[in-house]
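Structure first, then comments.
Here, each number is a calculation from the coordinates, and none is a lab measurement. Keep in mind that this is a model prediction, so the values were computed, not measured. Using ideal geometry, Cβ is built from the backbone for each residue, glycine included, and neighbour counts are taken over all protein chains shown.
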């Protein structure tokens, strides 16, 4: 495996991926705003709904922009620091996106990616705790549970299309230094929010709109919602991984709050309504 310093690793793919995440999320927000404008001409209720969707998309776009800012800040920093080691390139961050135009296959692929992320982050949490980085361990535990929420929701939707669908086995994980684990996590989250989920959402929408069977159409609609919530939540995960990475030697006692519905994570005081799903049920980490 190639060994890269923080500075070398962040040149190229990671920053490009983060920029793509911002572009994709901003496009989502712009599309929702366009939908809001069109709906306003039809009815006030539809316009209000589209406006809410636009607001929900804009907030994760800002989170992704924050992650890019963190990437750029680290790009200009000198390698080194007491807790910064060597990042080891990984070929299986979250698995490859499905290349089919079939939502059931994409749900199975997403379940595999989320299961891998859930398992890795739990292992990364143990490594961080062993290194005395308790707040980073808390973040990894929060994101591990978020990915667990995503994979179980995707399993539920997949079983609407195929009752035999089920979660894959959890992989074996060998965590390295915590700084490298944070970068691996951030890259995986950016991949999901910028590349994987946008493809899956577009495919599910196309299938849903062409489907005549009411039950299958509803299942595909639920797939769109599951993929969209996961996509938006991953932007926040990337943001907090980069925040933890750049402040690894100056930790705080701030808490993390996990929305137990969609996997959104907030750092600091307990938030109000979740910017993704609008609910207020949180777990403290």
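Anisotropy class assigned to region 189-285 is oblate, per the alpha carbon gyration tensor with a/c at or over the 1.5 cut-off and a/b no larger than b/c.
Can you give the extra length, in nm with one decimal, that the chain gains between residue 253 and residue 152 once fully stretched, where that is 0.36 nm per residue apart less the Cα-Cα distance?
Values: separation 101, 0.36 × 101 = 36.36 nm, distance 3.06 nm.
Extending this stretch completely gives an extra 33.3 nm.
Label positions at residue 102 and residue 162, each projected 7 Å from the Cα along the C-beta direction, are separated by 0.6 nm. Averaged over residues, the count of other Cβ atoms within 10 Å places the peptides 170-181, 107-118 in the sequence 107-118, 170-181, highest first.
The distance between label points at residue 126 and residue 284 comes to 2.7 nm (points 7 Å beyond Cα on the Cα→Cβ vector). In this structure, residue 269 and residue 221 have a Cβ-Cβ separation that, at R0 = 45 Å, corresponds to a calculated FRET efficiency of about 0.80.
Would you mind calculating the relative contact order of region 95-174 from Cα pairs under 8 angstrom and at least 6 residues apart, reporting the percent as a whole number?
In percent, rounded to a whole number, it is 38.
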